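The values are calculated or read from the model by the stated rules, or taken from the named source; none is laboratory data. All of these numbers come straight from a predicted model, not from anything done at the bench. We place every Cβ from the backbone using ideal geometry, glycine too, and count neighbours over all the protein chains shown. Protein only, heavy atoms only, side chains kept; ligands, DNA and RNA dropped before computing areas. Shrake-Rupley method; radii C 1.70, N 1.55, O 1.52, S 1.80 Å.
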Amino acid sequence: KQEVTQIPAALSVPEGENLVLNCSFTDSAIYNLQWFRQDPGKGLTSLLLIQSSQREQTSGRLNASLDKSSGRSTLYIAASQPGDSATYLCAQVMEYGNKLVFGAGTILRVKS
Amino acid sequence: GAGVSQSPRYKVAKRGQDVALRCDPISGHVSLFWYQQALGQGPEFLTYFQNEAQLDKSGLPSDRFFAERPEGSVSTLKIQRTQQEDSAVYLCASSGRGRERNEQYFGPGTRLTVT
């Protein structure tokens, strides 16, 4: 069974701090890895998608890496802001166009 | 164009009632997914359509859950004889063709509360 684990479950940091969210998956035959943001009561917003042939993707202050051999992905957030407060979810896709398998998420709070 | 929309946004049902949740995917998107998200958990896959064909329903938790997409566009998730454990947010996502098939776009979800 495919399993995705996210650590830590919750994180509280002061504004301006750089931080790393971790995601691990059990099956190295991954097709792609996607990071999402979820605000309370809202749906999911895609942040970054890394295909299995890639090692990282960057968008603004966000950088996501993928290491298939170790079964890990990290989301790096630079210079965190209170507006970054949300739940961050990682998800893996095993086959092209198929279902996403999610972790339980990391709840991030950035204090001003 | 518009994103994925879902209705109703909130639904309260008494135990034993039937409910129907609607998803309008992004126009032209071939694939449609339903997920269930319990409080404090990540979404879990329920079922997947490619056009009108239901290709994977392995995540449906019981035979009380039924999904359809008769014309390959709008989809309905039906839950019969609701139970308290069905309380969750139900998320719908769609994806396109070719390279766009990689990425799923999510709707805001329907929060179902069974009392």
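Which entries of A:K42/B:K11; B:K14/B:K78; A:K42/A:K68 have Cα-Cα distances beyond 25 Å here?
Result: A:K42/A:K68 exceed 25 Å.
Based solely on C-alpha atoms, express the radius of gyration and the Dmax of the range A:61-106 in angstrom.
12.7, 36
Run the accessible area of the protein assembly as shown with a 1.4 Å probe and give the carbon-and-sulfur part as a rounded percent. Present the calculation step by step, with values, prior to reporting the outcome.
Details: 5090 of 11160 Å².
The nonpolar share, carbon plus sulfur, comes to 46 percent.
In a shell of Cβ-Cβ distance under 13 Å around B:T110, excluding B:T110 itself, what net charge do Lys and Arg (+1) and Asp and Glu (-1) give?
That works out to +4.
Once Lys and Arg get +1 and Asp and Glu get -1 on their Cβ, which of A:T58, B:L39, B:P70 lies farthest toward the positive end of the dipole of the protein assembly as shown?
B:L39
Eigenvalues of the Cα gyration tensor times 5, then square-rooted: what semi-axes does that give for chain B, in whole angstrom, largest first?
Working: eigenvalues 110, 38, 32 Å².
Working through the eigenvalues yields semi-axes of 23, 14, 13 Å.
Calculate the mean, over all residues of peptide A:43-52, of how many other protein chain Cβ atoms lie within 10 angstrom of the residue's Cβ.
Average neighbour count from other chains, rounded to a whole number: 4.
If the viscosity is 0.890 mPa s and the temperature 25 °C, what translational diffusion coefficient in µm²/s does Stokes-Einstein give for the range B:50-115 when Rh comes from Kirkwood over Cα pairs? Present the calculation step by step, with values, prior to reporting the outcome.
Details: Rh = 13.5 Å.
Answer from the Stokes-Einstein relation: 182 µm²/s.
What does the charge dipole of the protein assembly as shown about its Cα centre add up to, to the nearest 20 debye, if the Cβ of each Lys and Arg holds +1 and the Cβ of each Asp and Glu holds -1?
Details: 24 positive and 21 negative charges, 78 e Å.
Magnitude of the dipole: close to 380 debye.
Excluding ligands, DNA and RNA, what is the solvent-accessible area per residue of chain A at a probe of 1.4 Å, expressed in Å²?
On the way: 5330 Å² over 112 residues.
With all protein chains present, chain A gives 48 Å² per residue.
How large is ³J(HN,Hα), in whole Hz, for each residue of the range B:84-96 in order, when computed from phi with the Karplus curve 6.51 cos²θ - 1.76 cosθ + 1.60 and θ = phi - 60°, using x for Gly and Pro?
Whole-Hz 3J(HN,Hα) from phi for the range B:84-96: 4, 5, 7, 4, 4, 9, 9, 10, 10, 9, 9, 9, x.
Volume per residue, Å³, of the convex hull around the alpha-carbon atoms of chain A? Intermediate values should be presented prior to the final figure.
Details: hull volume 10.7 nm³, N = 112.
So the per-residue hull volume is 95 Å³.
From the backbone phi of the range B:102-111, what are the Karplus-calculated ³J(HN,Hα) couplings (6.51 cos²θ - 1.76 cosθ + 1.60, θ = phi - 60°) in whole Hz, Gly and Pro given as x?
So the J values, rounded to whole Hz, are 5, 10, 9, 10, 9, x, x, x, 10, 8.
When the convex hull of the C-alpha atoms of the protein assembly as shown is computed, what volume per residue in Å³ does it have? Display every interim value, and only then the final one.
Details: hull volume 28.1 nm³, N = 227.
So the per-residue Cα hull volume is 124 Å³.
What accessible area per residue, rounded to a whole number of Å², is obtained for chain B using a probe radius of 1.4 Å?
51
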